[in-house]
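I have placed the structure first, in the form of structure tokens, so that the comments after it can refer back to it.
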Amino acid sequence: MSKSTKILYCRCAYSKVVPTDVKKEVLQKLSDSNVSFDAVADLCEMSARKNIPGEMVKDGQPLKIAACYPRAVKWLFEAADCPLPEKDVEVLNMRTESAEDIVGKLLNIESSSEGAQA
Amino acid sequence: MNQESLLRVLLYEGHDSNPLDPELRYEFLGAALDKGYSATRVTTLGEVNDMDEGTLVVLGDFAEKQPNASDYSNETVKVHFHDVGQKTTTEILSDVEQYAGQQDAQERKPWKPWFPVIDYDRCTNCMQCLSFCLFDVYGVDEDKQIQVQNQSNCKTDCPACSRVCPEVAILFPKYRGGPINGDVVSSDDVRQEKMKVDISSLLGGDIYAALRDRSAKAKSRFSKERSEDRALKERQKCLVKLQQNLDIPPEVIASLPSMDQIQAKAEAAQAKANAALDSNS
Ligand code: SF4
Ligand code: SF4
């Protein structure tokens with residue numbers, strides 16, 4: 001994977017909308033890999049509190065986010081006054097995709113299909 | 001209250017530290033996130049976010065080379081290094097909690113995982129949501145653009161405002177179904193939502209008052225006689241359907257204020273919406 005791509009994992013800690021087995025397996029695989037990554041308890045909470053750190057969305061730095069629907073994630077960042085850059089952001093949906101596909105895309109293990117752009 | 005979210009834990013497995021046990025790493029990361037902390041894992045590969053305020057607890061197996069915290073702390077970020085050695089997840093978490101306790105006792109408002117988020121790519125600023133919501137969740141900014149102003153007033157599990165939005169522009173990320181949860185909006189979704197808005201305008205746009213009226217009437221011992229009135233019967237049927245369509249939880253209907261208060265609130269919300277619409281036109 002490109003050295004400058006950051007990875008952000010959302011635990012969706014305060015609800016059951018993301019299947020538990022998927023979110024656990026994604027974290028397990030990330031943890032077992034040799035890459036650096038950031039993880040947050042609940043992006044919705046950070047948006048509600050408007051405390052998404054600005055460093056997360058530096059323009060020009062590719063970012064991959066494992067969370068839920070790209071449209072939801074895009075507007076959660078916007079609501080926190082921390083809009084995602086237009087380019088180089090890939091949101092992977094743990095509500096609909098398998099853990100294997102998500103981790104494959106996070107770590108560029110296979111280039112089968114592109115994740116949705118926010 | 002979530003005192004912990006100002007605190008970030010960082011598992012350091014870069015230069016000058018030994019790799020952690022994989023099982024401990026995974027277990028600790030999950031446990032820290034479930035406690036509400038932000039967590040970062042650092043290896044020699046890839047990048048992570050910087051930090052410009054808060055408390056950073058750097059955990060690692062530093063052997064003899066634990067760095068000096070004061071070399072990394074500044075006015076806004078307090079850094080602590082902590083050797084995890086042979087500790088268990090529970091022991092490490094309890095160590096981290098001590099640092100959480102050392103943070104400034106900053107007042108933190110409680111939060112509810114249920115609140116609306118507006119998709120401004122779709123929103124036409126029509127103000128339907130503002131005039132519909134009786135709980136002052138919506139307002140307008142200085143440019144008269146609709147915005148979510150009091151998200152904590154939102155009633156848990158009630159997605160009704162997203163149902164009355166004709167553009168399907170209101171999301172509840174933790175809702176079970178699409179497109180309200182952020183799933184892609186299809187033209188069918190838009191058609192369906194527009195239909196519901198039409199039903200609500202048939203009822204005079206005053207859905208909450210009508211629903212409360214219905215539930216009061218249902219309790220009345222005269223409801224049977226009154227329901228002789230065919231029009232009323234039809235209207236009530238329509239309301240049941242509407243309540244189901246809007247997915248308003250019964251607790252929300254039960255907790256609605258009195259008819260007079262509803263009417264006053266609805267008028268105030270409508271006036272706010274009209275003022276915003278007038279100044280936009
Ligand atoms: S952004 Fe999505 S995955 Fe993350 S907490 Fe919110 S609903 Fe859950
Ligand atoms: S009802 Fe929908 S389109 Fe109208 S102002 Fe509210 S969010 Fe925007």
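The values are calculated or read from the model by the stated rules, or taken from the named source; none is laboratory data. Remember, it's a predicted structure, so these values are computed and weren't measured experimentally. Please note: Cβ atoms are built from the backbone with ideal geometry, for glycine as well, and neighbour counts cover all protein chains shown.
Return the total of residues in region B:31-60 being more than 7 Å from chain A (Cβ to nearest Cβ) and of a type in the set (Ser, Thr, Tyr).
2
Within region B:77-93, track down each residue that is in contact with a Gly (Cβ under 8 Å, 6 or more places away or on another chain) and within 14 Å of chain A (Cβ to nearest Cβ).
Listed by number, the list holds a single entry, B:Val77.
Give the number of residues within region B:140-169 that are within 11 Å of ligand 2 (Cβ to nearest atom) and within 14 Å of another protein chain (Cβ to nearest Cβ).
Selection size over region B:140-169: 9.
Taking region A:84-106 on its own, how many of its residues are more than 11 Å from ligand 1 (Cβ to nearest atom) and either at pLDDT below 95 or under 12 Å from the mean Cα position of the chain (by Cα) (or both)?
Count: 11.
Name the single residue that is nearest to ligand 1 (Cβ to nearest atom) among those in region A:59-81 being surrounded by fewer than 20 Cβ atoms within 10 Å (Cβ to Cβ) and more than 12 Å from chain B (Cβ to nearest Cβ).
A:Asp59
Out of all the residues in region B:114-134, is one or more more than 16 Å from ligand 2 (Cβ to nearest atom) and touching a Lys or Arg at 6+ places or on another chain (Cβ under 7 Å)?
Step one: list which residues in region B:114-134 are more than 16 Å from ligand 2 (Cβ to nearest atom), which gives B:114.
When the remaining residues are screened for being touching a Lys or Arg at 6+ places or on another chain (Cβ under 7 Å), the result is B:114.
Scanning region B:114-134, I find at least one residue that is more than 16 Å from ligand 2 (Cβ to nearest atom) and touching a Lys or Arg at 6+ places or on another chain (Cβ under 7 Å), so the answer is yes.
Can you tell me which residue is nearest to A:Cys68 (Cα to Cα) among those in region B:170-195 that are buried (at least 21 other Cβ atoms within 10 Å of the Cβ) and more than 9 Å from chain A (Cβ to nearest Cβ)?
Result: B:Ile180.
Got a number for residues in region B:13-26 being within 9 Å of another protein chain (Cβ to nearest Cβ) and either assigned to a helix (DSSP H, G or I) or touching a residue at least 60 places away in the same chain (Cβ under 8 Å) (or both)?
Residues in region B:13-26 being within 9 Å of another protein chain (Cβ to nearest Cβ) and either assigned to a helix (DSSP H, G or I) or touching a residue at least 60 places away in the same chain (Cβ under 8 Å) (or both): 3 in total.
Within the set of pairs 6 or more residues apart or between chains, which connect a residue that is free of Cβ contacts under 8 Å to residues at least 12 places away in the same chain and of a type outside the set (Phe, Trp, Tyr) inside region B:162-176 to a residue that is assigned to a loop (DSSP other than H, G, I, E, B) and within 10 Å of ligand 1 (Cβ to nearest atom) with Cβ atoms less than 9 Å apart?
Note: pairs meeting the criteria are B:Arg176/A:Val17.
From the list A:Asp21, A:Asp32, pick out the single residue that is more than 30 Å from B:Gln149 (Cβ to Cβ) and within 8 Å of chain B (Cβ to nearest Cβ).
Numbers: A:Asp21 fails: within 8 Å of chain B (Cβ to nearest Cβ).
Being more than 30 Å from B:Gln149 (Cβ to Cβ) and within 8 Å of chain B (Cβ to nearest Cβ) holds for just one of A:Asp21, A:Asp32, which is A:Asp32.
Sort through B:Leu45, B:Leu33 and tell me the only one that's crowded, with 17+ Cβ neighbours inside 10 Å and closer than 20 Å to A:Tyr9 by Cα. Please lay out each step first, then the result.
On the way: B:Leu45 fails: crowded, with 17+ Cβ neighbours inside 10 Å.
The conditions single out B:Leu33.
Any idea how many residues of region A:63-79 are away from ligand 2 (no atom under 16 Å from the Cβ) and within 16 Å of A:Cys12 (Cβ to Cβ)?
Going residue by residue through region A:63-79, those that are away from ligand 2 (no atom under 16 Å from the Cβ) are A:63-70, A:73, A:77.
Remaining after also requiring within 16 Å of A:Cys12 (Cβ to Cβ): A:65-70, A:73, A:77.
The number of residues fulfilling the criteria is 8.
Identify, by number, the condition in (1) of a type in the set (Phe, Trp, Tyr); (2) more than 16 Å from ligand 1 (Cβ to nearest atom); (3) modelled with pLDDT of 90 or more; (4) under 30 Å from B:Arg163 (Cα atoms) that B:Phe115 doesn't meet.
The single condition B:Phe115 does not satisfy is (2).
Please identify the pairs in which a residue from region B:248-271 that is part of a loop (DSSP other than H, G, I, E, B) has its Cβ atom under 7 Å from the Cβ atom of a residue that is modelled with pLDDT of 80 or more, counting only partners at least 6 apart or on another chain.
B:Ile248/B:Cys158; B:Ile248/B:Ala160; B:Pro249/B:Asp157; B:Pro249/B:Cys158
Exactly one of (1) touching a strand residue (DSSP E or B) at 6+ places or on another chain (Cβ under 8 Å); (2) not in a helix (DSSP H, G or I) is unmet by A:Ile102. Its number?
(2)
Only one residue in A:Ser15, A:Ser33, A:Ser98, A:Ser47 is away from ligand 2 (no atom under 16 Å from the Cβ) and touching a Lys or Arg at 6+ places or on another chain (Cβ under 7 Å). Which one?
Checking each option against the conditions leaves just A:Ser15.
Taking A:Glu55, is it among the acidic types (Asp, Glu), modelled with pLDDT of 95 or more and either surrounded by 15 or more Cβ atoms within 10 Å (Cβ to Cβ) or closer than 20 Å to B:Pro116 by Cα (or both)? Steps first, please.
Working: among the acidic types (Asp, Glu): yes; modelled with pLDDT of 95 or more: no; either surrounded by 15 or more Cβ atoms within 10 Å (Cβ to Cβ) or closer than 20 Å to B:Pro116 by Cα (or both): yes.
It is false that A:Glu55 is among the acidic types (Asp, Glu), modelled with pLDDT of 95 or more and either surrounded by 15 or more Cβ atoms within 10 Å (Cβ to Cβ) or closer than 20 Å to B:Pro116 by Cα (or both).
Any idea which of A:Ser31, A:Ser36, A:Ser4 is without any contact (Cβ under 8 Å) to a residue 24 or more places away in the chain and more than 8 Å from ligand 1 (Cβ to nearest atom)? So that I can check it myself, show each step before the final result.
On the way: A:Ser36 fails: without any contact (Cβ under 8 Å) to a residue 24 or more places away in the chain; A:Ser4 fails: without any contact (Cβ under 8 Å) to a residue 24 or more places away in the chain.
Just one listed residue meets the conditions, A:Ser31.
Tell me the residue from A:Ser33, A:Ser4 that is small (Gly, Ala, Ser) and buried (at least 18 other Cβ atoms within 10 Å of the Cβ), please. Give the derivation first.
Working: A:Ser4 fails: buried (at least 18 other Cβ atoms within 10 Å of the Cβ).
After applying the criteria, what remains is A:Ser33.
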